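Rule-based calculations on the coordinates, nothing more; no lab input. For clarity, every value in this text was computed on a predicted model and none was experimentally measured. Cβ coordinates were reconstructed from backbone atoms using ideal geometry, including for glycine residues, and neighbour counts include every protein chain displayed.
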Amino acid sequence: MNEASVPLIIIRADGSVAALTQTNPKAVAKSIERGELWFFHPGTGRVLPWDGGGSGFARLMERRGSDSGAASAESEESAESAPVWYEAHLAAEGNEPVAASGEGAAATRAGADATAVAADVPEGFASRVGSAFEHLTQVIAERKRTMPEGSYTTHLFRKGPEKIRKKTGEEAVELILAREPDELRYEAADLIYHLLVLLEAEGESFLSIIDELESRS
């Protein structure tokens, strides 16, 4: 499969088509690793869990436009250039996910382990977190573009990156010193907000931070 995204057909356990979306190598790898279906979201350029996470799959297979089961030697060259897509067959409830076509048992076990870890994550966690960060980064970017009067974010941008760095450092210290649960939540939110402002001021995409975090998992 090429680095570019390709179509992904998601098929329910009863054989009906649930959706037609996109996938890429990272989404396929995460699906195998975690034992749940991930897909590529063209609008955001992000790899996301299908249906908010937890959707196991029975099969994840690469397909080519020339798939026939009896390709001749003469047709091998054309097969290489044939359209590529993936089919994800969702698992019936209670069934264990299996590896993508061509992957070994080790990948299946790794996916099952990841599913067990994910069981402690609240339902809809990924979609809620993604929506919150998407909204906040959009608001901060809009503040930088329009610089509305009376906005604290505008004030930070006008002070410049060094001031924002200093303020972010102060918020980190306040988080470390927080002891009560309410104070901890408040200071954590302050730190995240100032970090996002700093990234915007430096022209750094938050998605690049997500990529870095994913590379460490």
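The figures follow:
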read-out: Distance between modelled label sites at Arg64 and Arg128, nm, 7 Å Cα→Cβ extension; value: 4.5
read-out: Cα pair distances of the range 116-217 binned at 10 Å [whole percent]; value: 14, 37, 38, 11, 1
read-out: Directionally averaged shadow of the range 120-165, computed from the convex hull of its alpha-carbon atoms, nm²; value: 4.4
read-out: Lysines with Cα under 26 Å of Lys163, excluding same-chain neighbours fewer than 8 positions away; value: Lys144
read-out: Label-point separation in nm, Glu162 to Glu142, each point 7 Å along Cα→Cβ; value: 3.2
read-out: Relative packing of 40-52, 22-34, 129-141, which averages over residues the other C-beta atoms within 10 Å, highest first; value: 22-34, 40-52, 129-141
